[in-house]
Amino acid sequence: EHWQVPRSRHAVVHVQDGTGNDYLYVIAGQTTVDEFPVRDGRVDRYWVQAGGWQEMTPMVDSGYSNTTAALVNGRIYIPAGYVGNNSAYDGRHYVHDIGTNVWFENASPVPWDQLHGEPYAWSVAVPQTVGQTSGYFLTGGVLPEDNFPEFEPVGNLLFFVPSPDGASGSWNINLADMAIARYAHVAGSVVRPTQFGDDEQVCVAGGIAKEANNYRALAHAECYSNVSGSWTAISPLNFRRFNAGSAVGPDGKWYVFGGTTIVRIGDNDVAFPLSVTERYDPETGVWEVLDSRYDLREPDLSWPRGAFADNTLWIFGGETFNAQTQTWGVV
């Protein structure tokens, strides 16, 4: 179903209540993505079983874009994002309490000063329970343009544990960095079988990396094991892509859909949105390209965001490319 305000560079979170109802929260983002992007802090909730949209309390200050969100203990956490300035991202840690429909600022932001000295964005959050502790991982990202000739990807892996009331919490910033620093990637929680039993891991794939001041789209994928505390490369994606969406299904497989790839045309590298969906099977360690029934068509999409609910993958928003005008638009 269509919503009232198309958007991209937003976040989507699946919430299930105690009676089995599924809700999909579509959070903030941008309504235009051109040279002068427009942010919108609007939050909409879609009720899967009954259908229909409900407008919720918006994020403050027009919200974040180029951001990520994680559901932990009945609250949605958003660690950082773009607020209209590529030279400085906003590092305030926002929380939405689902029960009261209220946003508040968490007293425990990422300790940016202990990492790179300033907030970064374009990260991906992954909710996960480590042992008996519920929280969320924050993977990768990119530093702002300030103090650098260009944007600088980061390879950090962080873990946040909220307090019972959500008003504060603690960050573990001493986890191993991923092998390839990246941003605009996808990430998910994947249960991989090992000789010691099942290991719930944090996996990242695709995105943009930087080598010798040149940027490249990635197919590379790797997973962090909570058991070993280290990263291991897995099979690469079949398509290099960034700004894609992903979700782990009820079958335990990891689905990656849409995004942008780079095609060499003559002497130029041209960015195009992708329609192809592929999925990772942790049992076999193989990425499978799904047939055309699973393509994101009409239109192909960059920046799609979605989640599984009621055994269905729901996808909202994103960007399309107009080849005639060479411009991107929001859906």
Inter-label distance for E298 and V286, nm, one decimal - labels placed 7 Å from Cα along Cα-to-Cβ: 3.2 nm
Could you tell me the distance between the Cα centroids of region 101-116 and region 307-322, to the nearest Å? 28 Å
Mind listing P(r) for region 265-331? All alpha-carbon pairs, 5 Å bins, whole percents. 4, 13, 19, 22, 18, 12, 7, 4, 1, 0
Projected convex hull area of the chain, Cα atoms, direction-averaged, in nm², equals 17.0 nm²
Semi-axes, largest first, in whole Å: what does sqrt of 5 times each Cα gyration tensor eigenvalue give for region 230-290? 25, 13, 9
How much length is gained on full extension from T100 to N73, taking 0.36 nm per residue of separation minus their Cα-Cα distance? 8.4 nm
All-pairs alpha carbon distance profile, region 1-64, 5 Å steps from 0, percent: 4, 18, 26, 23, 15, 9, 4, 1, 0
Tell me, what is the per residue accessible area of the chain in Å², probe radius 1.4 Å? 44 Å²
Could you give me the percent of Cα pairs per 10 Å distance bin for region 30-90, shortest bin first, beginning at zero and ending with the bin that holds the maximum distance? 19, 46, 28, 7, 0
Quick one: how many Å² of W314 are accessible to a 1.4 Å probe, rounded to 10? 60 Å²
On the accessible surface of region 29-106, probed at 1.4 Å with all protein chains in place, carbon and sulfur together account for a percent value of 48 percent
Those GluC sites (Glu not before Pro) from region 1-94 that are DSSP loop and have at most 15 other Cβ neighbours within 10 Å turn out to be E1, E35
Extension gain E211-R264, at 0.36 nm per residue separation less the Cα-Cα distance, in nm? 17.3 nm
Share of accessible surface on carbon and sulfur in region 184-283, whole %, 1.4 Å probe and ligands ignored, is 48 percent
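The values are calculated or read from the model by the stated rules, or taken from the named source; none is laboratory data. Quick caveat, the model's predicted, so the values are computed rather than measured. Glycine gets a Cβ as well: all are built from the backbone with ideal geometry, and neighbour counts include every protein chain shown. These area figures cover heavy atoms from the full protein model, side chains too; ligands, DNA and RNA do not enter into them. Shrake-Rupley method; radii C 1.70, N 1.55, O 1.52, S 1.80 Å.
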